[in-house]
Amino acid sequence: MRYLVTGGAGFIGSNFIRYIFKKYGADAQVVNLDKLTYAGIRENLAEYEGQKNYRFLQGDIAKIDDVVEAYKGVDGSGVDVVVNFAAETHVDRSLMEAGTFIETDVHGVLVLLEEARKHAPKLKRFIQVSTDEVYGSIESGSFRESDPLNPRNPYSASKAGGDRMAYAYAQTYGLPVIITRASNNFGPWQYPEKLIPLFVTNAIDDLPLPLYGDGKNVRDWLFVDDHCAGIDFLIERGENSETYNIGGGNERENREITARILELTGKPESLIKRVADRQGHDRRYSLNTDKLAALGFRAETDFDEALERTVQWYVKNEPWWRAIKERSAEFKAYYDKQYGKR
Ligand code: NAD
Ligand code: TYD
């Protein structure tokens, strides 16, 4: 299989490429198109650089020339599958500046789809990686794929735009699109602005853990390998034009996650710092995953064990996150702006 993976220098994209190479080895060819924004780290996949079935291309999914080049594949022969992970992904950043979210998460998807039209009917799949956040918040019960979308922040609104644009291209032009809506991912190589890696690395350094509001917001946690396995499964077994929820079945309040991180790092509760809530903070995300289960897939990783493994990964890979937190001027400026006066 010849893959075009976009955003493959980010958290989930890099885990996905590693997953594919581990599973399919030399049978897989991967082009990784990534703009290398603040969140893109090419070295995440250093082990594959120079391999003849891997090609890294620095470029923007919203720029047609970059996209045309990427669709040529590793060796000019084209691609069979596109998996679009490329996105601006952090809700808090979308509250500071939303324009780049529209540019990448909506317009970028459009550019990728337009180029896909030129490669149909040879293209087998176009996976648009969407998110549970497009449904908005739910107090009780769980969202099904058929539920209306009700995004409540600029990040989720732009992801909903990309999600529906992909659907529109499936309906209008018959492109082989599948849309996935996954819940909150965690695992190795997650940029340390997101809850789990931020709190783990702050705890290691005895820095405050800035818990928003009452800490009772609920997220459903999905180990990143389960997300990758779900996408791989859908490339094989999913139906075109369909949308599939990929949930972990691990709903936890943020304060529970925080307490567990402190336990695992052996740090005191006094590190918890209650700070002003996020504006428009979605209270709870929850996915009904029956549709994917009916096809034969379920996320299998045990949450507690995976969280422990994840914490250990950050303990063992200090140079990776210190390069970001201590040496990136961009990260420091963001951190000051986000948490400085909070
Ligand atoms: P990330 O922020 O870690 O990585 C995003 C990657 O996209 C980076 O490498 C960045 O350089 C690249 N990128 C950004 N703009 C680009 C552009 N215009 N052109 C090319 N590359 C660009 O994000 P992530 O957590 O790995 O998320 C990947 C995808 O999964 C996103 O589409 C996100 O919406 C979706 N998703 C994430 C989660 C989660 O919990 N992290 C849950 C559900 C869905
Ligand atoms: P985050 O990792 O940003 O993911 P998302 O907002 O996409 O779900 O946040 C997860 C939860 O953790 C969310 O309810 C907000 C909360 N949170 C904090 O309490 N403090 C923080 O510093 C961050 C980054 C998140």
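Remarks
- Scanning the range 65-99 for residues that are without any contact (Cβ under 8 Å) to a residue 60 or more places away in the chain and in contact with an Asp or Glu (Cβ under 7 Å, 6 or more places away or on another chain) yields a count of 3.
- Cβ separations smaller than 9 Å between residues 6+ apart or across chains give no pair from the range 252-278 residues that are at positive phi to residues that are within 16 Å of ligand 1 (Cβ to nearest atom) and of a type in the set (Val, Ile, Thr).
- Every listed requirement among (1) within 14 Å of ligand 2 (Cβ to nearest atom); (2) of a type in the set (D, E, K, R); (3) in contact with a Lys or Arg (Cβ under 9 Å, 6 or more places away or on another chain) is met by GLU139 save one, (1).
- Residue pairs meeting the criteria (Cβ under 7 Å; at least 6 apart or on separate chains; first closer than 16 Å to PHE11 by Cα, in the range 225-237; second among the charged types (D, E, K, R) and buried (at least 18 other Cβ atoms within 10 Å of the Cβ)): none
- Among the residues listed as LEU45, LEU36, the single one being open to solvent by 30 Å² or more (accessible area, probe 1.4 Å), touching a helix residue (DSSP H, G or I) at 6+ places or on another chain (Cβ under 9 Å) and of a type in the set (A, V, I, L, M, F, W, C): LEU36
- When the range 188-220 is filtered for residues that are under 12 Å from the mean Cα position of the chain (by Cα) and either surrounded by fewer than 24 Cβ atoms within 10 Å (Cβ to Cβ) or among the aliphatic types (A, V, I, L, M) (or both), the ones remaining, listed by number, are TRP189, TYR191, LYS194.
- Boolean, GLY7 is in contact with an Asp or Glu (Cβ under 7 Å, 6 or more places away or on another chain) and at pLDDT 95 or above: yes
- Qualifying residues in the range 112-125 (those that are open to solvent by less than 30 Å² (accessible area, probe 1.4 Å) and among the aliphatic types (A, V, I, L, M)) - the one nearest to ligand 2 (Cβ to nearest atom): LEU112
- Taking the range 61-89 as the range and being open to solvent by 10 Å² or more (accessible area, probe 1.4 Å) and within 25 Å of PHE186 (Cα to Cα) as the test, the residues that pass are PHE85, ALA86, ALA87, GLU88, THR89.
- Enumeration of residues in the range 100-111 that are out of contact with any helix residue (DSSP H, G or I) (no Cβ under 7 Å at 6 or more places or on another chain) and open to solvent by 40 Å² or more (accessible area, probe 1.4 Å): THR100, GLU103, HIS107
- Being touching a His at 6+ places or on another chain (Cβ under 6 Å) and not hydroxyl-bearing (Ser, Thr, Tyr) holds for only one residue in GLU193, GLU133, and it is GLU193.
- Just so you know, in the range 52-82 the residues that are among the charged types (D, E, K, R) and closer than 15 Å to ASP34 by Cβ include one that is nearest to the chain's Cα centre (by Cα), and it is ASP60.
- Cβ-Cβ under 7 Å pairs, at least 6 apart or on other chains, the range 1-21 side among the aliphatic types (A, V, I, L, M), far side part of a strand (DSSP E or B) and within 16 Å of ligand 2 (Cβ to nearest atom): ILE12/ASN185
- For first residues located in the range 24-49 and closer than 26 Å to LEU198 by Cα, partners that are small (Gly, Ala, Ser) and within 16 Å of ligand 2 (Cβ to nearest atom) and lie 6+ apart or on another chain with Cβ distances below 6 Å form the pairs ASP34/GLY7; ALA39/GLY10; GLY40/GLY10.
- Residue within the range 195-217 that is free of Cβ contacts under 8 Å to residues at least 24 places away in the same chain and either among the hydrophobic types (A, V, I, L, M, F, W, C) or in the same structural domain as GLU69 (by TED's automatic domain parsing) (or both) present: yes
- Within the range 126-158, the set of residues being small (Gly, Ala, Ser), open to solvent by 30 Å² or more (accessible area, probe 1.4 Å) and in contact with a strand residue (DSSP E or B) (Cβ under 7 Å, 6 or more places away or on another chain) comprises SER137, SER142.
- Going through (1) within 14 Å of ligand 2 (Cβ to nearest atom); (2) open to solvent by 50 Å² or more (accessible area, probe 1.4 Å) one by one, TYR167 falls short only on (1).
The values are calculated or read from the model by the stated rules, or taken from the named source; none is laboratory data. Quick caveat, the model's predicted, so the values are computed rather than measured. Neighbour counts run over all protein chains shown; Cβ positions are idealised from the backbone, glycine included. Only protein heavy atoms, including side chains, enter the accessible area calculation; ligands, DNA and RNA are left aside. Shrake-Rupley method; radii C 1.70, N 1.55, O 1.52, S 1.80 Å.
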